[in-house]
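Presented below is the structure to which this report refers.
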Amino acid sequence: MAKIKVLVNGAKGKMGSESVAAVLKEADLELVGQTDIGDDLAKAIQDTKAEVVVDFTHPDSAIKNTKTILQNKSHAVVGTTGLSPNNLSEIKKLCSKNKVNCIVAPNFAIGAILMMKFAKDAAHYLPQVEIIELHHDQKADAPSGTAIKTAELILDDRRNVKRPAVKSSETIKCVRGGKIGDIHIHSVRLQGLVAHQEVIFGGVGQTLKIRHDSISRASFMPGLVMAIRKVKKVKGLVYGLENLL
Ligand SMILES: NC(=O)c1ccc[n+]([C@@H]2O[C@H](COP(=O)([O-])OP(=O)(O)OC[C@H]3O[C@@H](n4cnc5c(N)ncnc54)[C@H](O)[C@@H]3O)[C@@H](O)[C@H]2O)c1
C-alpha cells in the first residue's frame, strides 16, 4: 500500500520536532518535507507533493499557513492554536473550494479529549464550573485552545442553565480570569509545566475536579498520527479530535 506523504510545518519547534520523529516511526507514513519560519511553504508542498501537511507553528500564522496548505491542494492537520470561529468558517469554505479536508485539533492527547467529554457530562449535574489551564512559560497564547474548546463544549450542551451573576469587585484587574459565557478561565504559565488542565465544578457542599496532565509531548503523538491517517477520508473541516473517535 502506498505510504501517505507528510510534510511537517514548524518542524524545528517543540511539537514539530516531536511530530517529525513520530511520522518517521510509522511504516505507512513517509516524511517528505520539513519546513519552518522563512521557508516557502507553498513551494515545499508543490515540490514534495505532500498529501498531508501538519502545522504546529504560531497562533499568529495559523490561519495563513492553513490557507496556504488548502490552496495548494494538500489536506491539513492543524495543531496550532489561536484559530477564531471566523477562521474556522473560512477554512470550511476553502476545503470545499479546493476539495481537500482539514482537521483542527486544539489537543491531540486522548486523555484531554476524555477530560472534555467528562466535563461536558458533569456540567449537566453541576452547572457551576471554572477552568484552570496550566502550561509551560513559552506558550504564545492564552487561554489555551483546549480551555476554549472545553468551555464551548460545556456551553453548547448546557445552553439553558446560567450561573447566577454575583456582584463582586476586583481589586486587581482580571484576577477572576477571562470568561467564555459564564465560565471563568484562569491561565497559569510556569517553567516545568507541559500542558495541564483542571475543570472544577461546584455544587452545594461539594466540588468535583477533573484533571488532565500531558507530562510529555509524546502524549499528543498517537492522536496526531490518527488524524494524519484519517484526514483524507473525513468530509471538509473537522474541529476537535473527539469527532474522529
Ligand atoms: N494541538 C495540540 O495537541 C497541541 C499541543 C501542544 C502545543 N500546541 C500548539 O502548537 C503550536 C506550536 O507549539 P510549540 O510548543 O511547538 O511552539 P514552538 O515555539 O516550540 O515551535 C513553533 C515552531 O514554528 C515555527 N514557526 C513560527 N511561525 C512560523 C511560520 N509562519 N511558518 C513556519 N514556521 C513557523 C517556529 O520557528 C518554531 O520552530 C502552538 O500554537 C501551541 O499552542 C498544540
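Summary table
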quantity	calculated
Counted residues, the stretch 54-83 - those being touching a helix residue (DSSP H, G or I) at 6+ places or on another chain (Cβ under 7 Å), surrounded by fewer than 24 Cβ atoms within 10 Å (Cβ to Cβ) and not β-branched (Val, Ile, Thr)	7
Selection status of PRO85, of a type outside the set (Ser, Thr, Tyr) and without any contact (Cβ under 8 Å) to a residue 12 or more places away in the chain	yes
The one condition in (1) over 23 Å from the mean Cα position of the chain (by Cα); (2) under 22 Å from LYS230 (Cβ atoms); (3) touching a residue at least 24 places away in the same chain (Cβ under 8 Å) that VAL6 fails to fulfil	(1)
Number of positions in the stretch 3-32 that are of a type in the set (Lys, Arg), within 16 Å of the ligand (Cβ to nearest atom) and in a loop (DSSP other than H, G, I, E, B)	1
Some residue of the stretch 59-69 being touching a His at 6+ places or on another chain (Cβ under 7 Å) and within 11 Å of the ligand (Cβ to nearest atom)	no
Extreme residue, farthest from VAL104 (Cα to Cα), among residues of the stretch 44-59 that are assigned to a helix (DSSP H, G or I) and without any contact (Cβ under 8 Å) to a residue 60 or more places away in the chain	ASP47
Total residues in the stretch 67-86, condition part of a helix (DSSP H, G or I) and under 14 Å from the mean Cα position of the chain (by Cα)	1
Selection within the stretch 132-153 - more than 15 Å from PRO85 (Cβ to Cβ) and among the aliphatic types (A, V, I, L, M)	ILE132, LEU134, ALA140, ALA142, ALA147
Selection count where residues are over 22 Å from THR146 (Cα atoms) and in contact (Cβ under 8 Å) with a residue 12 or more places away in the chain, scope the stretch 166-205	1
Count - residues of the stretch 9-53 that are buried (at least 18 other Cβ atoms within 10 Å of the Cβ), of a type in the set (Asp, Glu) and within 13 Å of LEU224 (Cβ to Cβ)	1
Flag for LEU94 being within 16 Å of the ligand (Cβ to nearest atom), under 26 Å from THR66 (Cα atoms), at pLDDT 95 or above and surrounded by fewer than 22 Cβ atoms within 10 Å (Cβ to Cβ)	no
Verdict on GLN128 being under 20 Å from PHE56 (Cα atoms) and out of contact with any Pro (no Cβ under 7 Å at 6 or more places or on another chain)	no
Whichever residue in the stretch 38-52 is within 12 Å of the ligand (Cβ to nearest atom) and out of contact with any Gly (no Cβ under 8 Å at 6 or more places or on another chain) and, among such residues, is nearest to MET221 (Cα to Cα)	LEU41
Residue in the stretch 205-212 that is of a type in the set (Lys, Arg) and either exposed (fewer than 14 other Cβ atoms within 10 Å of the Cβ) or in a strand (DSSP E or B) (or both) present	yes
Residue among VAL77, VAL100 that is at negative phi and either without any contact (Cβ under 8 Å) to a residue 24 or more places away in the chain or touching a His at 6+ places or on another chain (Cβ under 7 Å) (or both)	VAL100
Filter result (part of a helix (DSSP H, G or I) and exposed (fewer than 12 other Cβ atoms within 10 Å of the Cβ)) within the stretch 122-174	HIS124, TYR125, ASP156
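The values are calculated or read from the model by the stated rules, or taken from the named source; none is laboratory data. Everything quoted here is computed from the prediction, not taken from an experiment. Counting neighbours? That spans all protein chains shown, and the Cβs are built from the backbone with ideal geometry, glycine included.
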